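> Mind having a look at this structure? Questions to follow.
Just so you know, all these numbers are worked out from the coordinates, no wet-lab data involved. None of these values were measured; they are calculated from a predicted model.
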Amino acid sequence: MKIINERLGLPEQRTSDGTIAAVAGMVLQEIKNGNALAVKAHLSGLEQMINLRGGLLEANFPASLQRIIAWAEISASSVFSTIPRIIPY
């Protein structure tokens with residue numbers, strides 16, 4: 001968590017693939033923990049980071065990162081009965 005916070009403080013790292021993957025991983029971990037508030041907070045941050053890059057389809061993310069993002073959001077939507085906001089549907 002400390003490294004993620006440090007990266008969020010650096011403009012050149014704030015929206016990097018690695019930072020976005022780490023935040024998506026935090027979403028998945030908090031789903032496992034059952035912490036709905038943390039999932040919501042991390043998903044909101046993830047959405048903001050992706051939007052800063054131009055959106056999921058415009059940011060030229062590697063396919064593997066697109067799958068991680070989709071997995072995190074679909075998992076959260078399934079567990080907490082919410083509508084996905086990041087992935088197009």
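> In deg cm²/dmol and to the nearest 500, what is the mean residue ellipticity at 222 nm of the chain if only DSSP H runs of at least 4 residues count, each as -39500 (n - 2.57), divided by the residue total?
Theoretical 222 nm ellipticity from helices: -21500 deg cm²/dmol.
> Give me the extension gain from D17 to S75: residue separation times 0.36 nm, minus the current Cα-Cα distance, reported in nm with one decimal.
Numbers: separation 58, 0.36 × 58 = 20.88 nm, distance 2.01 nm.
My answer for the length gained is 18.9 nm.
> Full extension from Y89 to I3: what is 0.36 nm times the residue separation minus their Cα-Cα distance, to one decimal in nm? All intermediate terms of the calculation are to be shown ahead of the outcome.
Numbers: separation 86, 0.36 × 86 = 30.96 nm, distance 3.24 nm.
27.7 nm is the gain from fully extending Y89 to I3.
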